[in-house]
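*Asks:* Sharing a structure below in structure tokens format, with a few things to ask.
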């Protein structure tokens, strides 16, 4: 199924139910109105051609409408973060073969080599945390397969409303659009001028996606999360203390694990009623196969997988082996209930004096320290040991208390050599941390 047939079928099946609800303007578009509304958006946008639509816009009603309209016309969409430097936005647009960039209030034409992107629906950029960001190409069928599997764990129906609390340049934001279109639920577009915690009380919102730092902030702000049907939390390691506080507060919490290359979710828990003895990401959703390789790497297979990664020459490079498996570069294990326990990233592992150190483990423990708001651990070169861990921390804490806390919980070799303050150049609330930038900064600061 493609977006055109999905939107037209939704218009027929869910007629008077609200498809789009803009909290900033109070505007609503019903499913029966959506196809004609999007065709008007296409006409007003002018001659798009067939090149990818690159958007550098914040989450807004206009952004959602533009992405849906482009998909309706059969054009690939490639949203990028508007917070990126201008030169990086231009680089990404040229890389995917776009002929222009749609900003929040303007359209800028550019000259790029045309790409052959037959059947590609979306081009979502990886975080670029370990090198230049790459564009992952998905057919719309993969996004729809993702939505079908996710429905089994967290059902949606007309009358439900999922708040777009994660950016549209992340695959998790795109997944909300498809899930709502497929189920008749409402895509609720937040008011950028209003704090997130103040919007949770809006009765139009029943479902919410969050990364760990957002969940912690909402808990501290006493946002009424318990009134929601489901809160889906993922995007990285989840602190046990945050999970515990959420459950004790009555939050209908589901933990999830996914990645750009899998169109979002791979595994998801049932609603947690008690904090697990060891935090896990749940069982594989329908339509996905998951296994642990002999080296401990999580591998995935199924209809949710990307078509490929766009190379600099414009070709799509497959992400699967001959049997259809893709390697996630995450290290993990399955418990006796077939629930996935994540141990860390293979490409983030720090090998120090022959010992393997998982930065995610250190981050999770430091996140338990009262006063810590966010933490990131990276490895820097060491003349004798090869590499050593260092930590960036924000919050009201002192270094000695952090060392003491870790000393009671980890091996001595795993305690970071340095604890640096969080850099101003990286926003604390970024869903994805640029670890390559932090590593370069740490190398300089440690000299």
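*Asks:* Against the condition assigned to a loop (DSSP other than H, G, I, E, B) and either in contact (Cβ under 8 Å) with a residue 24 or more places away in the chain or on the phi > 0 side of the Ramachandran plot (or both), how does residue 222 come out, does it pass?
*Replies:* Working: assigned to a loop (DSSP other than H, G, I, E, B): yes; either in contact (Cβ under 8 Å) with a residue 24 or more places away in the chain or on the phi > 0 side of the Ramachandran plot (or both): yes.
Criteria met by residue 222.
*Asks:* Could we say that residue 365 is assigned by TED's automatic domain parsing to the domain that holds residue 413, at pLDDT 90 or above and assigned to a helix (DSSP H, G or I) here?
*Replies:* Numbers: assigned by TED's automatic domain parsing to the domain that holds residue 413: yes; at pLDDT 90 or above: yes; assigned to a helix (DSSP H, G or I): yes.
Here the answer is yes, as residue 365 does meet what is asked.
A quick yes/no check of all residues on (1) assigned to a helix (DSSP H, G or I); (2) over 18 Å from the mean Cα position of the chain (by Cα):
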{"residue": "38", "(1), (2)": "yes, yes"}
{"residue": "41", "(1), (2)": "yes, yes"}
{"residue": "44", "(1), (2)": "yes, yes"}
{"residue": "55", "(1), (2)": "no, no"}
{"residue": "63", "(1), (2)": "yes, no"}
{"residue": "70", "(1), (2)": "yes, yes"}
{"residue": "83", "(1), (2)": "no, no"}
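*Asks:* Which ones in the stretch 89-100 are in contact (Cβ under 8 Å) with a residue 24 or more places away in the chain and within 22 Å of the chain's Cα centre (by Cα)?
*Replies:* Of the residues in the stretch 89-100, the ones in contact (Cβ under 8 Å) with a residue 24 or more places away in the chain are 89, 92-93, 95-100.
Passing the criteria: 89, 92, 93, 95, 96.
*Asks:* May I ask you to verify whether residue 319 is closer than 16 Å to residue 267 by Cβ and either at pLDDT below 95 or part of a loop (DSSP other than H, G, I, E, B) (or both)?
*Replies:* On the way: closer than 16 Å to residue 267 by Cβ: no; either at pLDDT below 95 or part of a loop (DSSP other than H, G, I, E, B) (or both): yes.
Taking the combined requirement at face value, the residue does not satisfy it.
*Asks:* Additional query: Taking residue 209, is it in contact with a helix residue (DSSP H, G or I) (Cβ under 6 Å, 6 or more places away or on another chain) and surrounded by 21 or more Cβ atoms within 10 Å (Cβ to Cβ)? Step through it out loud before you land on a result.
*Replies:* On the way: in contact with a helix residue (DSSP H, G or I) (Cβ under 6 Å, 6 or more places away or on another chain): yes; surrounded by 21 or more Cβ atoms within 10 Å (Cβ to Cβ): yes.
Against the criterion (in contact with a helix residue (DSSP H, G or I) (Cβ under 6 Å, 6 or more places away or on another chain) and surrounded by 21 or more Cβ atoms within 10 Å (Cβ to Cβ)), residue 209 qualifies.
*Asks:* State which residue is farthest from residue 158 (Cα to Cα) when the search covers only the stretch 8-36 and only residues that are buried (at least 20 other Cβ atoms within 10 Å of the Cβ) and either out of contact with any helix residue (DSSP H, G or I) (no Cβ under 7 Å at 6 or more places or on another chain) or modelled with pLDDT under 95 (or both).
*Replies:* 21
Every residue, every condition in (1) out of contact with any helix residue (DSSP H, G or I) (no Cβ under 6 Å at 6 or more places or on another chain); (2) outside the structural domain of residue 144 (by TED's automatic domain parsing); (3) over 24 Å from residue 188 (Cβ atoms); (4) assigned to a loop (DSSP other than H, G, I, E, B), yes or no:
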{"position": "198", "(1), (2), (3), (4)": "yes, no, no, no"}
{"position": "205", "(1), (2), (3), (4)": "yes, no, no, yes"}
{"position": "233", "(1), (2), (3), (4)": "no, no, no, no"}
{"position": "258", "(1), (2), (3), (4)": "yes, no, no, no"}
{"position": "271", "(1), (2), (3), (4)": "yes, no, no, yes"}
{"position": "277", "(1), (2), (3), (4)": "yes, no, yes, yes"}
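*Asks:* Would you tally the residues in the stretch 235-246 being touching a strand residue (DSSP E or B) at 6+ places or on another chain (Cβ under 6 Å) and either assigned to a helix (DSSP H, G or I) or surrounded by fewer than 19 Cβ atoms within 10 Å (Cβ to Cβ) (or both)?
*Replies:* Going through the stretch 235-246 one residue at a time, the tally reaches 1.
*Asks:* Right, next: Return yes when residue 265 is without any contact (Cβ under 8 Å) to a residue 24 or more places away in the chain, assigned by TED's automatic domain parsing to the domain that holds residue 113 and either within 18 Å of the chain's Cα centre (by Cα) or more than 27 Å from residue 363 (Cβ to Cβ) (or both) and no when it is not. Outline the logic, then answer.
*Replies:* On the way: without any contact (Cβ under 8 Å) to a residue 24 or more places away in the chain: no; assigned by TED's automatic domain parsing to the domain that holds residue 113: yes; either within 18 Å of the chain's Cα centre (by Cα) or more than 27 Å from residue 363 (Cβ to Cβ) (or both): yes.
Answer is no for this residue.
*Asks:* On to the next question. Quick one: which of 76, 58 is under 21 Å from residue 141 (Cβ atoms) and in the same structural domain as residue 306 (by TED's automatic domain parsing)? Please lay out each step first, then the result.
*Replies:* Values: 58 fails: under 21 Å from residue 141 (Cβ atoms).
Criteria check complete, one pass: 76.
*Asks:* Sticking with this structure for a sec: With 150, 65, 157, 70 as the choices, which residue is closer than 30 Å to residue 9 by Cβ, assigned by TED's automatic domain parsing to the domain that holds residue 13, modelled with pLDDT of 95 or more and crowded, with 23+ Cβ neighbours inside 10 Å? It would help to see each step written out before you state the result.
*Replies:* On the way: 65 fails: crowded, with 23+ Cβ neighbours inside 10 Å; 157 fails: crowded, with 23+ Cβ neighbours inside 10 Å; 70 fails: modelled with pLDDT of 95 or more.
Result: 150 is the single residue among 150, 65, 157, 70 that is closer than 30 Å to residue 9 by Cβ, assigned by TED's automatic domain parsing to the domain that holds residue 13, modelled with pLDDT of 95 or more and crowded, with 23+ Cβ neighbours inside 10 Å.
*Asks:* Next question. Here is a check on your reading of the model: is residue 39 surrounded by fewer than 17 Cβ atoms within 10 Å (Cβ to Cβ) and modelled with pLDDT of 90 or more? Full working, then the answer.
*Replies:* Numbers: surrounded by fewer than 17 Cβ atoms within 10 Å (Cβ to Cβ): yes; modelled with pLDDT of 90 or more: yes.
Yes: the conditions hold for residue 39.
*Asks:* Next question. Suppose we keep only residues that are over 23 Å from residue 215 (Cβ atoms) and in contact with a helix residue (DSSP H, G or I) (Cβ under 7 Å, 6 or more places away or on another chain) within the stretch 382-405. Which one would you say is surrounded by the fewest Cβ atoms within 10 Å (Cβ to Cβ)?
*Replies:* Across the stretch 382-405, the extreme among qualifying residues is 389.
*Asks:* Quick one: residue 98 ticks every box in (1) in a loop (DSSP other than H, G, I, E, B); (2) surrounded by fewer than 16 Cβ atoms within 10 Å (Cβ to Cβ) except a single one, so which number is it?
*Replies:* The one condition residue 98 does not meet is (2).
*Asks:* Follow-up. For the stretch 322-360, which positions are within 24 Å of residue 415 (Cβ to Cβ) and in a loop (DSSP other than H, G, I, E, B)?
*Replies:* 349, 353, 354, 358
For (1) in contact with a helix residue (DSSP H, G or I) (Cβ under 6 Å, 6 or more places away or on another chain); (2) within 21 Å of residue 68 (Cα to Cα); (3) in contact (Cβ under 8 Å) with a residue 12 or more places away in the chain, each residue gets a yes or a no:
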| position | (1), (2), (3) |
| --- | --- |
| 114 | no, no, yes |
| 117 | no, yes, yes |
| 120 | no, yes, yes |
| 123 | yes, yes, yes |
| 137 | no, yes, yes |
| 143 | yes, yes, yes |
| 148 | no, yes, yes |
| 154 | no, no, yes |
| 165 | no, yes, yes |
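The values are calculated or read from the model by the stated rules, or taken from the named source; none is laboratory data. Fair warning: this is a prediction, and the values are worked out from it, not measured in the lab. Here Cβ is always computed from backbone atoms with ideal geometry, including for glycine, and neighbour counts include all displayed protein chains.
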